[in-house]
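Novice: Can you keep this structure in mind? I'll have questions shortly.
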Amino acid sequence: MSLDEVVQEVKAKQRLWEKEIEQMRSRKFATICVHGAYTKHEAIANNQGAIIEPVYASTSQAFQNSDYLEAALAYKIPAWAYSRIANPTIGYLELMLAMLEAYGTTLKTSACCTSSGMAAVRAACEPFLTDEKRGKKNIVSMAQVYGGTFQLFSERFAKERSIEVRWVEDPGDADEWKSKIDADTRLVYGEIPSNPGIALFDIERVARAAHAQGAPLITDSTISTPALCRPFEHGSDVVVHSLTKTMTWSGRAVGGVLTSKENIVSDVVCEEAKRDFAGWVKLWPLRDSGACISPDNASRVLDCIRVLRGTVSLLSENALRVAEFLEDNDCVDRVNYPGLASHPQHDIAKKYMRLVDSGANCFGHLLSFEVKGGHAAARRILDKFEFVFQATDLGRIKSVAVIPSISTHQQQGAEARKKARIPGNLVRLCVGAEDAGDVIDELKKAFSA
């Protein structure tokens, strides 16, 4: 069999699977979460009939002959070849995530999983910053981002590579975004909602401002997940998640993902990258950097996603009850939760955060609150928690709390924390699936003590 015949044979089989995947795209969100791209035919034809995606722990794939090997390594046929580049278990996860992110739209999407959420953020941003077509470069980002993202932008990009970072201090103000985006802007970046300040931005208005200057909008939707918000339908070009967080509520895996829609906006990357950014990143830049997720971790993420809609709904319901309790507590100066009418971007939250297939507003599991009495009082309260874990973690089935100024955002320094609105008395609380009444009782005891 010639090389061309090998390519035609394998592509014909691939088209049959793609047809089945398209049928799955037409089903409801919860059904896609359960089945994803792992169809009945895929199970019987390629996986001994296993009804759950197998974990392909092998490092590499053998081929029938040199023609198949050559076609695979030239990316002429779908294959996995070597697990740093691709792997069946990881592929099933990527296809599922691409489907979920585009749910309810006709958009064509692709996904690339990484070793961590920060690996996904860097893999998503780096291609827009590496070309030499123009001398000047800037990034426009909201200041209220995850601490690791802030450090990536301010230390790795700004200090080490002299790339200007323009911080948006009021992410709810679309005019501030617009004023900082210009012809030298390589990418625009926002979180919805942010960690730990729980700030939001108007995706549609910011996307329009970015696209008017030829720049892509990258949105971190880790806290929302596709069950509550799908930024593609509002104009985002690339969506990133830390899979370690909400999507893997068990806390048993570390990973990240960048997902892209077809034909992203950018005037600096190549046409192939614009057409299928996530697929291009997977086969080229990520192949060389090696920041791939492990098959075992991919399998654990898949298992958690199967009940994503119900899990996010329950955690959001509990978080709202806890936020309402905190807002009425005399020991608290301020509560940050998008489901509260007092939140400065509550209207933006109502616009973008809805439980999929229900239409009902649903605001996620994460909140933060400022304790009266300053930093020392916040520490005393944190130290009184009994079953709520003190850890730099979130998105868990178990409730977890932390003081960001001494943990997740410690390295930013006082000035940068002030810009990001992270005071020393701020406590971040990720509400889990325990009975909300028990979480409230835990808080009552901590406050009274």
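The values are calculated or read from the model by the stated rules, or taken from the named source; none is laboratory data. Note that the coordinates shown come from a computational prediction; the quantities given were computed from them, not determined experimentally. All Cβ positions, even for glycine, are placed from backbone atoms using ideal geometry, and neighbour counts span all protein chains on display.
Novice: Taking the condition of being in a helix (DSSP H, G or I) and polar (S, T, N, Q), how many residues in segment 1-29 meet it?
Specialist: 3
Novice: Taking segment 166-202 as the region of interest, how many residues are of a type in the set (A, V, I, L, M, F, W, C) and closer than 18 Å to Asp131 by Cβ?
Specialist: So the count comes out to 3.
Novice: Separate question: All but one of (1) aliphatic (A, V, I, L, M); (2) over 12 Å from Pro193 (Cβ atoms); (3) touching a residue at least 12 places away in the same chain (Cβ under 8 Å) hold for Ala341; state the number of the condition that does not hold.
Specialist: Ala341 satisfies all of (1) aliphatic (A, V, I, L, M); (2) over 12 Å from Pro193 (Cβ atoms); (3) touching a residue at least 12 places away in the same chain (Cβ under 8 Å) except (3).
Novice: To continue, here is another question. Taking the options Ser58, Ser2, Ser83, Ser26, name whichever one is out of contact with any helix residue (DSSP H, G or I) (no Cβ under 9 Å at 6 or more places or on another chain) and not β-branched (Val, Ile, Thr).
Specialist: None of the other options fit; the residue is Ser26.
Novice: Could you check segment 347-398 and list, in sequence order, the residues that are among the acidic types (Asp, Glu) and either free of Cβ contacts under 8 Å to residues at least 60 places away in the same chain or within 23 Å of Val145 (Cβ to Cβ) (or both)?
Specialist: Hits for segment 347-398 are Asp347, Glu370, Asp383, Glu386, Asp393.
Novice: Which of the residues belonging to segment 378-388 are surrounded by fewer than 16 Cβ atoms within 10 Å (Cβ to Cβ) and of a type in the set (A, V, I, L, M, F, W, C)?
Specialist: Matches in segment 378-388: Phe387 only.
Novice: If you don't mind, another one. Examine segment 176-183 for a residue that is in contact with a Phe, Trp or Tyr (Cβ under 9 Å, 6 or more places away or on another chain) and either at pLDDT 95 or above or farther than 19 Å from Val239 by Cβ (or both), and state whether such a residue exists.
Specialist: yes
Novice: Residues that are under 23 Å from Phe201 (Cα atoms) and among the β-branched types (Val, Ile, Thr): does segment 162-173 have at least one?
Specialist: Taking every residue of segment 162-173 in turn, at least one turns out to be under 23 Å from Phe201 (Cα atoms) and among the β-branched types (Val, Ile, Thr).
Novice: Now for a different question. When you scan segment 188-205, do you find a residue that is acidic (Asp, Glu), within 27 Å of Thr225 (Cβ to Cβ) and surrounded by 24 or more Cβ atoms within 10 Å (Cβ to Cβ), even just one?
Specialist: yes
Novice: Among what's in segment 386-416 and is of a type in the set (A, V, I, L, M, F, W, C) and assigned to a strand (DSSP E or B), pick the residue that is farthest from Thr222 (Cα to Cα).
Specialist: Phe389
Novice: Let me ask something else about it. How many residues are in a strand (DSSP E or B) and of a type outside the set (A, V, I, L, M) when one looks only at segment 233-262?
Specialist: Residues flagged as in a strand (DSSP E or B) and of a type outside the set (A, V, I, L, M) within segment 233-262 amount to 6.
Novice: As an exercise: evaluate Ile52 against (1) surrounded by 14 or more Cβ atoms within 10 Å (Cβ to Cβ); (2) of a type in the set (Val, Ile, Thr); (3) at pLDDT 95 or above and give the number of the one condition it does not meet.
Specialist: Among (1) surrounded by 14 or more Cβ atoms within 10 Å (Cβ to Cβ); (2) of a type in the set (Val, Ile, Thr); (3) at pLDDT 95 or above, the lone unmet condition for Ile52 is (1).
Novice: Continuing with the same structure: Count, please, the residues in segment 206-224 that happen to be of a type outside the set (A, V, I, L, M) and surrounded by 24 or more Cβ atoms within 10 Å (Cβ to Cβ).
Specialist: 6
Novice: Given the structure, is Ser224 at pLDDT 95 or above and within 18 Å of the chain's Cα centre (by Cα)?
Specialist: Taking the combined requirement at face value, the residue satisfies it.
Novice: Among the residues of segment 118-136, how many are modelled with pLDDT of 95 or more and either buried (at least 23 other Cβ atoms within 10 Å of the Cβ) or not aliphatic (A, V, I, L, M) (or both)?
Specialist: 10
Novice: How many of the residues in segment 263-304 are in a loop (DSSP other than H, G, I, E, B), of a type in the set (D, E, K, R) and in contact with a strand residue (DSSP E or B) (Cβ under 9 Å, 6 or more places away or on another chain)?
Specialist: 1
Novice: Next up: Do you know which of the residues in segment 417-430 that are outside any helix (DSSP H, G or I) and either of a type in the set (Ser, Thr, Tyr) or in contact with a strand residue (DSSP E or B) (Cβ under 7 Å, 6 or more places away or on another chain) (or both) is nearest to Leu308 (Cα to Cα)?
Specialist: For segment 417-430, the residue satisfying everything is Cys430.
Novice: Can you name the residue in segment 48-107 that is touching a residue at least 60 places away in the same chain (Cβ under 8 Å), part of a helix (DSSP H, G or I) and not assigned by TED's automatic domain parsing to the domain that holds Thr248 and is also farthest from Cys33 (Cα to Cα) among such residues?
Specialist: So the residue we want is Asp67.
Novice: Within segment 134-231, considering only helices (runs of 4 or more DSSP H) that don't extend past its boundaries, which have at least 3 residues that are in contact with a Leu (Cβ under 7 Å, 6 or more places away or on another chain)?
Specialist: Fully inside segment 134-231 and qualifying: 203-212.
Novice: Next question, about the same structure. Could you tell me which residue of segment 300-336 is nearest to Ala378 (Cα to Cα), considering only residues that are small (Gly, Ala, Ser) and surrounded by fewer than 21 Cβ atoms within 10 Å (Cβ to Cβ)?
Specialist: Residue satisfying both the conditions and the ranking: Ser313.
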